[in-house]
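> Below are the structure tokens for one structure; questions will follow.
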Amino acid sequence: MDTYTLHRGTAPLLISLPHDGSAIPADLAARMTESARRAPDTDWHVSKLYAFARELGASLLVPSHSRYVVDLNRPPDDTSLYPGQNTTGLCPAVQFSGEPVYRDGEAPDAAEIAARVDRYWRPYHDALRGELDRLHAQHGRAVLWEGHSIRGSELPFLFEGRLPDLNLGTAAGSSCSPALQSRLEAVLGGQDDYDWVANGRFKGGHITRHYGEPARGIDAVQLEISQRNYMDEDSFGYLPDRAERLQVVLRGLLQVALPTDRSCASL
């Protein structure tokens with residue numbers, strides 16, 4: 001199985017969806033707990049949610065495999081992105097629920113983790129870097145949009161209470177220009193359907209932090225969406241009516257991420 005698919009667009013916008021994949025190789029699934037085999041921590045349906053972005057000329061990068069195989073949004077040395085807080089690692093051994101991913105004694109060792117990084121992690125990041133460099137060379141600038149979603153109604157292992165509907169992350173303002181962040185916050189603040197926060201519990205993962213270079217004209221932004229806004233969190237079923245409503249806001253965000261030539265100088 002291919003480890004990712006890449007749609008190459010014409011606009012200076014790359015949408016990366018590193019947790020959309022749900023495939024788990026059979027030999028690996030056999031070592032997992034029953035609940036983990038469902039890949040419950042997948043960012044379900046985000047590639048469907050963002051499919052409209054092709055109309056805007058965006059490139060889309062989508063993996064095939066589950067984050068339980070390897071988490072593409074973690075650094076290869078597995079340094080914690082949120083020190084002092086519960087999180088999951090490069091090859092997660094625990095689910096967002098706090099339950100184990102593996103049966104007793106079946107978790108991967110260091111050699112297996114390194115092999116997974118070579119097999120799944122590096123190809124995705126090579127593709128991401130290559131496409132981002134292509135767009136930057138062609139346009140003199142590029143925006144990397146990290147599309148994520150998570151069960152937002154109740155995940156006490158990761159956060160208390162209810163997660164806001166839309167969670168914008170720019171690594172506390174370091175991964176994108178102030179002008180772009182202001183435009184995005186204006187879109188979020190100008191709508192009444194969803195509550196939102198900037199740089200709250202989720203400030204952006206490894207990809208946002210590593211690839212964002214606003215001084216070079218490469219802006220990186222993460223949007224973490226609470227899944228209740230477009231799907232059923234228990235069955236994982238896609239809810240088209242909710243999704244279409246949400247896509248109106250997503251379209252507005254992506255459009256201001258692609259400024260007109262007159263506003264490019266503010267990037």
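The values are calculated or read from the model by the stated rules, or taken from the named source; none is laboratory data. All values derive from a computational prediction rather than experimental measurement. Note: areas computed on protein heavy atoms with side chains; ligands, DNA, RNA excluded. Shrake-Rupley method; radii C 1.70, N 1.55, O 1.52, S 1.80 Å.
> Have a look at 174, 226, 182 and tell me which one the Gaussian network model of the chain (Cα, springs below 10 Å) gives the largest fluctuation.
The residue with the greatest mean-square fluctuation here is 182.
> Using the alpha-carbon atoms, what tilt in degrees (0 to 90, nearest 10) does helix 178-189 show relative to the longest principal axis of the chain?
The helix 178-189 is inclined about 80 degrees to the chain.
> Can I ask one more? Specify the angular offset, from 0 to 90 degrees and rounded to the nearest 10, of the alpha carbon long axis of helix 240-257 from the longest principal axis of the alpha carbons in the chain.
Tilt of helix 240-257: around 50 degrees.
> Please figure out what share of the DSSP beta bridges in the chain is antiparallel and state it in percent, rounded to the nearest 5.
40
> Could you run the Karplus curve 6.51 cos²θ - 1.76 cosθ + 1.60 with θ = phi - 60° over segment 105-118 and give me ³J(HN,Hα) per residue in whole Hz, x for Gly and Pro?
With the stated coefficients, segment 105-118 comes to x, 10, 5, x, 8, 4, 5, 5, 4, 4, 5, 5, 4, 5 Hz.
> Measuring with a 1.4 Å probe in the full set of protein chains, what accessible area per residue, in whole Å², belongs to segment 68-215?
Per residue, segment 68-215 has 43 Å² of solvent-accessible surface.
> Leaving ligands, DNA and RNA out of it, report the carbon-plus-sulfur percent of the accessible area of the chain at a 1.4 Å probe.
Solvent-exposed carbon and sulfur of the chain make up 50 percent of the total.
> On a 1.4 Å probe surface of the protein chains, which of 34, 224 comes out largest in accessible area, and what is the full order?
Accessible-area ranking of 34, 224, largest first: 34, 224.
> Right, something else. Expressed in nm to one decimal, what extension gain is obtained for the pair residue 235 and residue 29 from 0.36 nm per residue of sequence separation less their Cα-Cα distance?
Contour length minus the Cα-Cα distance gives 72.2 nm.
> Counting only C-alpha contacts under 8 Å and six or more residues apart, can you give the relative contact order of the chain as a whole percent?
Relative contact order comes out at 21 percent.
> Multiplying the sequence separation of residue 179 and residue 139 by 0.36 nm and subtracting their Cα-Cα distance, what value in nm do you get?
Difference between extended and current length: 12.6 nm.
> Using a 10 angstrom cutoff on alpha carbons, build the Gaussian network for the chain and name the most mobile of 28, 13, 166.
28
> Shifting gears a bit: For helix 122-139, report the angle its Cα long axis makes with the longest principal axis of the Cα atoms of the chain; keep it between 0 and 90° and round to the nearest 10°.
For 122-139 against the chain, the angle is about 0 degrees.
> What accessible surface, in Å², does a 1.4 Å probe find on residue 143, ignoring ligands, DNA and RNA and rounding to the nearest 10?
0
> Can you sort 64, 59 by 1.4 Å-probe accessible area, starting with the largest?
From most exposed to least exposed: 64, 59.
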